[in-house]
Amino acid sequence: MLLVSEPTLGSEEKAALAEVIDSGWITMGDRVNAFERAFAEAHGADDAVAVSSCTAGLHLILHALGIGPGDEVLVPALTFVATASCVLYVGAKPVFVDIASTDTPLMCLEDAAAKCTGRTKAIILVHFAGYLIDPKPWQAFAAERGLLIVEDAAHATVLPGVGTLGVAAAFSFYGNKNMTTAEGGAILAGDEKLRDGIRRARGHGLTSGTFQRRSGKSPIYDVTMLGFNYRMDELRAAIGLVQLGHVHRWNAKRKDLAQLYRRSIEARCPMVTVPFEAGRASVHHIMPVLLPLSAERQTVIDRLREAGIQTTIHYPPTHRLSFYRDLYPNVSLPKTEDFAARELTLPLHPRLEAADVETVTRCLAEALGAEPGFAAAATLQSLHAASP
């Protein structure tokens, strides 16, 4: 089976885990500190805060910013549910914003402007599929309205420019991400005071952690705020240090595969479209494509699976999920809904080779060729291209 995503793990990670186990210290300690420094350096930042997940990171950021009941936060619906759920965690209201277009499935500035109210306090910008959202228009938009920008950078580790758009950014190291710690995440925040508040809140608001108390003279600690248990452990940090050393090379491989996908799809099934302009900055986290209107997506999924190819969907729109549909029944996002109804995510990860991409696109063309109207249209287009 050619999988949509597959972690790249091996002997280096095994050795790093064994070192942690042999050290006798597996909770937050030197390796977490080292991973935070390395992650910050990889993004040109002063420091980072390692946490248990990107979800935890977003929650901590909103909590530290003081966003709460009565506040509204602009969020896309074309994202994983955690983006909106973190707004509810702090008692605020997520306000769903449409995408700009099916070609550029990132938050729409015009729709965001239409949905701003006196209660709007922040925007969560998502770098969907690993593509950088345009910084300057959003920074101007936020500055004009006095809004805080938070980046959901779950898809965007070491993407050039990520973590610089607003006050803070949260990253994911889940098993299907460009680098992984199995579970885990990190936060970048330029303001040291904000960063320190986030750091304390991740560990119950304690003034010192277990490792610090073991190394210090006093076992006494204080609690200065309402906090959470969102810590990263030494085992995950050790894996993260290894993975961080390879992620640039892996991202380069992803880029090459994505470019090959574009060429092969254009040649084999030109009625399938690939979102985003080819030159937009990206770490190519996933490979989304849009099927033609004539295609029955589930049939295509089934045929590809029969050929040994896994696919998935990014994403069921958050506002259409049962919980959010019941909570906000009148939300309509036509562009997001159109995109989500036709999107299909193809395999993309560093373990794939060029031959695998060719296999996927050939099977995709075959699966679509049986759809009503598609074969005839494809034949006509092929004849047109071949004519002088």
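Identify, from the list ALA355, ALA365, ALA295, the residue that is more than 26 Å from ASN251 (Cα to Cα) and in a helix (DSSP H, G or I). It is ALA365.
One residue is enough: does the range 311-320 have a residue meeting the conditions in a helix (DSSP H, G or I), surrounded by 14 or more Cβ atoms within 10 Å (Cβ to Cβ) and within 19 Å of the chain's Cα centre (by Cα)? Scanning the range 311-320, I find at least one residue that is in a helix (DSSP H, G or I), surrounded by 14 or more Cβ atoms within 10 Å (Cβ to Cβ) and within 19 Å of the chain's Cα centre (by Cα), so the answer is yes.
Checked against (1) surrounded by 15 or more Cβ atoms within 10 Å (Cβ to Cβ); (2) part of a helix (DSSP H, G or I); (3) not polar (S, T, N, Q), LEU348 passes all but condition (2). Any residue at all in the range 52-71 that's loosely packed, with under 15 Cβ neighbours inside 10 Å, over 27 Å from GLY205 (Cβ atoms) and assigned by TED's automatic domain parsing to the domain that holds ASN178? For the range 52-71, residues loosely packed, with under 15 Cβ neighbours inside 10 Å, over 27 Å from GLY205 (Cβ atoms) and assigned by TED's automatic domain parsing to the domain that holds ASN178: absent.
Kindly indicate whether any position in the range 179-193 is part of a helix (DSSP H, G or I), out of contact with any strand residue (DSSP E or B) (no Cβ under 9 Å at 6 or more places or on another chain) and either assigned by TED's automatic domain parsing to the domain that holds VAL49 or modelled with pLDDT under 90 (or both).
Checking the range 179-193: at least one residue is part of a helix (DSSP H, G or I), out of contact with any strand residue (DSSP E or B) (no Cβ under 9 Å at 6 or more places or on another chain) and either assigned by TED's automatic domain parsing to the domain that holds VAL49 or modelled with pLDDT under 90 (or both).
For PRO372, which of the numbered conditions (1) under 22 Å from ASP103 (Cβ atoms); (2) at pLDDT below 95; (3) assigned to a loop (DSSP other than H, G, I, E, B); (4) not β-branched (Val, Ile, Thr) fails to hold? All conditions pass for PRO372, except number (1).
Residues of the range 340-368 that are in contact with a helix residue (DSSP H, G or I) (Cβ under 7 Å, 6 or more places away or on another chain) and over 18 Å from THR299 (Cα atoms): LEU348, PRO350, LEU352, ALA354, VAL357, GLU358.
When the residues of the range 9-35 are filtered to those that are assigned to a loop (DSSP other than H, G, I, E, B) and either out of contact with any helix residue (DSSP H, G or I) (no Cβ under 7 Å at 6 or more places or on another chain) or outside the structural domain of ALA182 (by TED's automatic domain parsing) (or both), the one that is surrounded by the fewest Cβ atoms within 10 Å (Cβ to Cβ) is GLY24.
Scanning the range 73-110 for residues that are crowded, with 20+ Cβ neighbours inside 10 Å and either modelled with pLDDT under 95 or of a type in the set (D, E, K, R) (or both) returns a single hit, ASP98.
Which one is nearest to VAL126 (Cα to Cα), of the residues in the range 321-339 that are assigned to a loop (DSSP other than H, G, I, E, B) and in contact with a helix residue (DSSP H, G or I) (Cβ under 7 Å, 6 or more places away or on another chain)? For the range 321-339, the residue satisfying everything is LEU333.
Residues checked against (1) closer than 16 Å to ALA354 by Cα; (2) among the hydroxyl-bearing types (Ser, Thr, Tyr); (3) in contact with a Gly (Cβ under 7 Å, 6 or more places away or on another chain):
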site: TYR230; (1), (2), (3): no, yes, no
site: GLN243; (1), (2), (3): no, no, no
site: TRP250; (1), (2), (3): yes, no, no
site: ARG263; (1), (2), (3): yes, no, no
site: GLU266; (1), (2), (3): yes, no, no
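Taking the criterion of being among the aromatic types (Phe, Trp, Tyr) and either in a loop (DSSP other than H, G, I, E, B) or at positive phi (or both), the only residue of the range 251-280 that qualifies is PHE276.
Scanning the range 216-244 for residues that are part of a loop (DSSP other than H, G, I, E, B), in contact (Cβ under 8 Å) with a residue 12 or more places away in the chain and closer than 26 Å to ASP22 by Cβ gives ARG231, MET232, ASP233. Within the span defined as the range 42-49, every residue fails to be of a type in the set (D, E, K, R) and part of a helix (DSSP H, G or I).
The values are calculated or read from the model by the stated rules, or taken from the named source; none is laboratory data. Keep in mind that what you see is a predicted model, and the values were worked out from it rather than measured. Every residue, glycine among them, receives a Cβ derived from its backbone with ideal geometry; neighbour counts consider all protein chains shown.
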